[in-house]
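Before any comments, here is the structure.
The numbers here are math on the coordinates, done by the rules we state, and not lab data. All values reported here derive from a predicted model rather than from experimental measurement. Here the Cβ positions follow ideal geometry from the backbone for every residue, glycine too, while neighbour counts run over all protein chains shown.
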Amino acid sequence: MSIQPFPQSLPSPHQPSRREFLYGLGASLGSLAFSSILAQDNENSTANPLAVKQGHLPAKAKRCIFLVMEGGPSHIDTFDPKPKLDSLHLKEFNRSGKMKSAMESGKRYYVKSPFSFGEYGQSKASMGTNWTHLQSVADELCFYRGCQVDSVNHPTAQYQLNTGNRFGGDPAVGSWVTYGLGSQNQDLPGYIVLPEAAFPQGGTANWSNGFLPVSYQGTTLRPNGSPILDLAPPQGVTREHQRANLDLLSQLNRKHQALHPSHQQLEARMKNYELAFRMQMEVPGVLDLEQENERTKESYGIGKDATDSFGRKCLLARRLIEKGVRFVQCFHATWDSHDFIERAHGALIPQVDQPIAALIRDLKDRGLLDETLIVWSGEFGRSPDNGVRGGIAYGRDHNPKAMPMWFAGGGVNAGHTIGATDETGAEAVSDVHHIRDVHVTLLRLLGLDDNKLTYFHGGRYKQLSQFGGEVISPLIA
C-alpha cells in the first residue's frame, strides 16, 4: 500500500472574511503590523475620548434622558388597563381551569387594579386617571407593551435594563452612547446619573463603563449636599495654585507613562484630573436651579413635598442636555409594590407625574424635544396575581414577561401604542421583543448601529446587545 503525501492545501468552503484574515495575521510577522495599527487606533481613541464623533446612520435624536423607575412599576396599574381582572378579583386559577376563592384557599389570587383608567389626547392613550399631568402630553408619548426581560430579581434585572447583561460588569447604555458619539461639552462628563440617596439594587455597576475606557463611566451627582464632593477648592487655594499643581503632576505622570506605555489607566486618570479642573468652573452654574424663573420651577413641582426631589432631577436633566451632555439618567425608587399597591403606587405616581410632564413641555417649548429621546421604564413589570398577605394587602409580584415602557421625542412614533399583553396582563403577546431589541432601537434613534458599535475585549468584539438584536421598527416614526 502506497502512502499518499499530505496535501499542501485544502479547498476552503468560503472566502475568509476580513476579521478572519486579520486574526490569521497572528500566525505571521503580519501580527506585528496589526498590533501597531491597533495601538495607533487606541492612541487616537484616547487622545480625546469625549470628542464629538460621527454616528453610523442619520440620527433622529442627539441626546437621551432615561427615566428609571427602579423596583418595577406595574403596567396593569399605570398604562395597560385590564378590565378582565375585575371579574377575577380574589379568584384563584388552578390548572383545571376551575375558579375558587383564594381568600379561602390561602394560595395565589388575581388582583384587580384599584385605579380607574381613561383615554387621553387625540391618540386616546390609556393611562390611569391619577396621571393628572401626563394626560396633557399624551400625544407626545409612544407606549410600548411588548418588552420582556429574563430575570425576576431586582439587581440582575436592573443590570439587564441598564447594561444588557444580567450579571453586571458590562458598560451601561449611557457609556456605549458616549463611546459612540462623544459629548458636545468637553467641560462636563458625557454621561451623568442622578440617583436616589440610596443607590438602586446592584449599585454603581448600573452606570459602570465596564470594559470600556473609564472616561465613559457615568458620573453621579449626589441628591443631597454638594452634588460633587470637593467641587470647590479648599480655602486659600486659588485656581492658579491648582493649575500649577496639575501641570507639575502631569509632568511626573508623563515621565511615568513613558516607562509604562501600555497602562491606559494612567492616561485616563490624567484626563479626569483635567476634566475635574474644568468642571469646577462649569458645574456650579449648570447645577444652580435658582437661575430658573419661579414659573419654570413651579411647573416642575419644585417646592412641593411630593414632587420637589424628582422635579429637581428632571429640571437638572434639561439643563444638562441643554449644555451638551449626551446621556442623563434619572432614578426614582422604589416601585416594588408587593403589598398595598393602591397606597404604594398611589403615592409614587404623583411624585413623578408633574415633573415628567413639565420636562416634556419644557423641551418642546425650547425646540429640544425633537432631538432629545426620553425613555421611561422600570426593570420589569408586575404580575396580575399575588399571594395572600394579611387578607387585604393587595399587591403584585415581579413579572419579566410584561413591563411598562414609553418613549417621547427623538424620532419616536408619538401618539401610538405598540404591542399588547394578554387579557390579564400576565404576558406580552403582540410585537414581543427582548430588552436587547429596545437597546438596539435606542441606539438606532441616536444614529448608532449596534453591530458596528463594538469594542474588542476578552478575545472578541463585544456590543451592547451581547450577541445582536433587531430594531423595533414600529417604535420609530
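Quick notes
- Links that overshoot a 26 Å alpha carbon limit, given the list 364/452; 124/364; 84/313; 124/304: 364/452; 84/313; 124/304
- On the basis of the beta-carbon distance and an R0 of 41 Å, residue 132 and residue 54 show a calculated FRET efficiency of 0.45.
- Extension reserve of the residue 255-residue 339 stretch, reckoned as 0.36 nm per residue once the Cα distance is removed: 24.2 nm
- Linear extension gain, residue 293 paired with residue 467, 0.36 nm per residue minus alpha-carbon span: 57.9 nm
- Alpha carbon convex hull of the stretch 385-477, projected area averaged over orientations, nm²: 8.9 nm²
- Extension reserve of the residue 198-residue 366 stretch, reckoned as 0.36 nm per residue once the Cα distance is removed: 57.2 nm
- Close amide H contacts of residue 472 (hydrogens built in the peptide plane, cut-off under 5 Å, sequence separation of 5 or more or a different chain): 441.
- Taken along the Cα-to-beta-carbon direction at a fixed 7 Å, the label points for residue 139 and residue 167 span 4.9 nm.
- For the stretch 300-386, diffusion coefficient by Stokes-Einstein and Kirkwood Rh (Cα), 4 °C, 1.567 mPa s, µm²/s: 91 µm²/s
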